[in-house]
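Structure record follows, encoded as structure tokens.
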Amino acid sequence: MNFTRFRLLTIAAFLITQIIVFSQKSSYSTTELKNDFSLFRKALEESHPSLYRYHSKKEIDDLFEKTLLSINQPAGELEFYKKLAAIISRIGCGHTGVALSDDYYKNHPVRTARFPFDIKFVGDRLFVIKNYNPENGLALGS
């Protein structure tokens, strides 16, 4: 598996989670969710360099099938995200992830508790790489 395919996988996974942002819907049909899930699965299966590193192909396939069967009614972004995140977590690759949209957090500020920053440690220093509360005046890289 080459780096370009992995990069495509990462982009595809990100785009799948962002599709919801543009339609501004509170709920998505079962068909829409299943179509997005199929695209998510295909991107992982075709491009992820170590999809079966920690779990057998059968275990991952069973997880995909179980998750697909669980998509049996309309759902919102958070519910769909939880399904995708559970799969990513099980795969065990720290370089692969999904995220809720920024618009989701803007529209759900009170109901969703979240650490207001994405951070990164470099040596013994901590850096802010994303600030979800721009009103606090903390600059990126601080």
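Numerical summary
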item	result
Protection proxy ranking of 76-86, 122-132, 62-72 - average other beta-carbon atoms within 10 Å, highest first	76-86, 62-72, 122-132
Net charge contributed by nearby residues that have their C-beta within less than 14 Å of Lys34 (K/R +1, D/E -1)	0
Solvent-accessible area per residue for region 53-128 (1.4 angstrom probe, square angstrom)	68
Value of relative contact order over region 38-135, rounded to a whole percent, pairs C-alpha under 8 Å and six or more apart	18
Cross-link partners of Lys58 among lysines (Cα-Cα below 29 Å; sequence separation of 8 or more within a chain)	Lys34, Lys42, Lys66, Lys82, Lys83
Alpha-carbon radius of gyration plus Dmax, which is the widest Cα pair, for region 42-111 in Å	13.8, 40
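The values are calculated or read from the model by the stated rules, or taken from the named source; none is laboratory data. Bear in mind that the values here come from a model prediction, so they are computed numbers and not experimental data. Positions of Cβ are backbone-derived with ideal geometry, glycine not excepted, and every protein chain shown enters the neighbour counts. Side chains included, ligands, DNA and RNA excluded: accessible areas come from the protein's heavy atoms. Shrake-Rupley method; radii C 1.70, N 1.55, O 1.52, S 1.80 Å.
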